[in-house]
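Engineer: Below is a structure I'd like to ask you about.
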Amino acid sequence: MKNKTIDDMQFRGLLRDGMSIMFGGFMGIGTPQYLVNEIIKSGVRDLTLIGNDTGFVDTGVGPLIATGQVKKVIASHIGTNPETGRKMIAGYVEVVLVPQGTLAEQIRAGGAGLGGFLTPTGVGTVVAEHKQTLTLDGNAYLLERALRADLAILESRCADRLGNLVYRLTARNFNPLMALAADIVVAQYDSIVEVGQLDPECIVTPGAVVNYLYPGARR
């Protein structure tokens with residue numbers, strides 16, 4: 001059985017300047033903080049982050065924003081992190097704001113191999129700028145493109161050695177969607193068990209889509 005667990009240096013070896021990274025989390029809950037810290041330590045720059053929000057200044061991906069390693073953010077809001085707002089206004093970070101449901105569906109579509117989808121959300125607003133509009137049965141829809149990333153970093157409560165994942169309550173949030181929409185998936189875990197010890201009914205993300213496991217609770 002292949003060992004999927006990697007250490008700090010092996011994880012940093014997956015990183016490169018200019019890559020796109022999806023991160024699980026909702027206001028920092030469900031964001032793999034140890035993996036974020038390793039991205040900061042690696043020094044990679046010009047990153048595109050894709051996630052629900054940029055957390056707070058000192059939680060979630062907030063510290064990564066503060067270090068100046070991010071050039072673009074695709075998120076549903078940035079209001080809880082004033083540093084993101086300051087860098088956006090100053091022109092250091094490009095921010096693309098997407099309605100939360102649309103963002104979730106863009107990621108799901110990317111994982112499902114779809115090119116995009118139609119939604120009425122945003123019709124007649126600034127969200128519709130530079131987007132194709134189609135009318136079906138008298139109703140207007142925006143064509144939203146699917147989203148994928150080079151890397152997805154997830155946080156799980158428990159993993160087995162094959163990479164099957166169980167999440168902690170609402171910390172699950174965007175993590176399962178992103179596990180399907182990235183070329184490489186790294187899941188941080190709090191605890192790890194042998195294959196067969198997880199209740200199959202509780203497994204949310206199958207190990208088949210998880211490339212690597214990263215121990216978060218060892219610190």
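The values are calculated or read from the model by the stated rules, or taken from the named source; none is laboratory data. None of the values given here were measured: they were computed from a predicted structure. Every residue, glycine as well, gets a Cβ built from its backbone with ideal geometry; the counts of neighbours run over all protein chains shown.
Engineer: Considering segment 49-69 alone, what residues qualify as being under 22 Å from residue 100 (Cβ atoms) and either part of a loop (DSSP other than H, G, I, E, B) or touching a residue at least 60 places away in the same chain (Cβ under 8 Å) (or both)?
Structural biologist: 50, 51, 52, 54, 55, 57, 60, 61
Engineer: Filter segment 150-200 down to residues that are among the acidic types (Asp, Glu) and not in a loop (DSSP other than H, G, I, E, B) and give me whichever is farthest from residue 36 (Cα to Cα).
Structural biologist: Restricting to residues being among the acidic types (Asp, Glu) and not in a loop (DSSP other than H, G, I, E, B), the top hit is 160.
Engineer: Just to check your reading of the model, which residue among 53, 46, 17 is closer than 25 Å to residue 111 by Cα, of a type in the set (Asp, Glu) and either crowded, with 18+ Cβ neighbours inside 10 Å or under 13 Å from the mean Cα position of the chain (by Cα) (or both)?
Structural biologist: Sole residue among the options that is closer than 25 Å to residue 111 by Cα, of a type in the set (Asp, Glu) and either crowded, with 18+ Cβ neighbours inside 10 Å or under 13 Å from the mean Cα position of the chain (by Cα) (or both): 53.
Engineer: Which condition from (1) out of contact with any Phe, Trp or Tyr (no Cβ under 9 Å at 6 or more places or on another chain); (2) part of a helix (DSSP H, G or I) is the one that residue 142 breaks?
Structural biologist: With respect to (1) out of contact with any Phe, Trp or Tyr (no Cβ under 9 Å at 6 or more places or on another chain); (2) part of a helix (DSSP H, G or I), residue 142 is out only on (2).
Engineer: In contact with a Phe, Trp or Tyr (Cβ under 8 Å, 6 or more places away or on another chain) and more than 22 Å from residue 107 (Cα to Cα): which single residue out of 158, 202 fits that description?
Structural biologist: 158
Engineer: Please pick out the residue among 73, 96, 123 that is surrounded by 17 or more Cβ atoms within 10 Å (Cβ to Cβ) and either without any contact (Cβ under 8 Å) to a residue 60 or more places away in the chain or under 14 Å from the mean Cα position of the chain (by Cα) (or both).
Structural biologist: The match here is 73.
Engineer: So which of 124, 68 is at pLDDT below 95 and farther than 16 Å from residue 55 by Cα?
Structural biologist: Exactly one of 124, 68 is at pLDDT below 95 and farther than 16 Å from residue 55 by Cα, namely 124.
Engineer: With the condition kept exactly as written, say whether any residue in segment 180-194 is surrounded by fewer than 16 Cβ atoms within 10 Å (Cβ to Cβ), in contact with an Asp or Glu (Cβ under 7 Å, 6 or more places away or on another chain), among the hydrophobic types (A, V, I, L, M, F, W, C) and without any contact (Cβ under 8 Å) to a residue 40 or more places away in the chain.
Structural biologist: Yes: one or more hits.
Engineer: Quick check: is even one residue across segment 102-111 surrounded by 13 or more Cβ atoms within 10 Å (Cβ to Cβ) and in a loop (DSSP other than H, G, I, E, B)?
Structural biologist: no
Engineer: Looking at 41, 4, which one is over 17 Å from the mean Cα position of the chain (by Cα) and either surrounded by 15 or more Cβ atoms within 10 Å (Cβ to Cβ) or among the hydroxyl-bearing types (Ser, Thr, Tyr) (or both)?
Structural biologist: That would be 4, the only listed residue that is over 17 Å from the mean Cα position of the chain (by Cα) and either surrounded by 15 or more Cβ atoms within 10 Å (Cβ to Cβ) or among the hydroxyl-bearing types (Ser, Thr, Tyr) (or both).
Engineer: Among the residues of segment 135-153, are any of a type in the set (Asp, Glu), over 16 Å from residue 206 (Cα atoms), buried (at least 17 other Cβ atoms within 10 Å of the Cβ) and in contact (Cβ under 8 Å) with a residue 40 or more places away in the chain?
Structural biologist: Checked segment 135-153: at least one residue is of a type in the set (Asp, Glu), over 16 Å from residue 206 (Cα atoms), buried (at least 17 other Cβ atoms within 10 Å of the Cβ) and in contact (Cβ under 8 Å) with a residue 40 or more places away in the chain.
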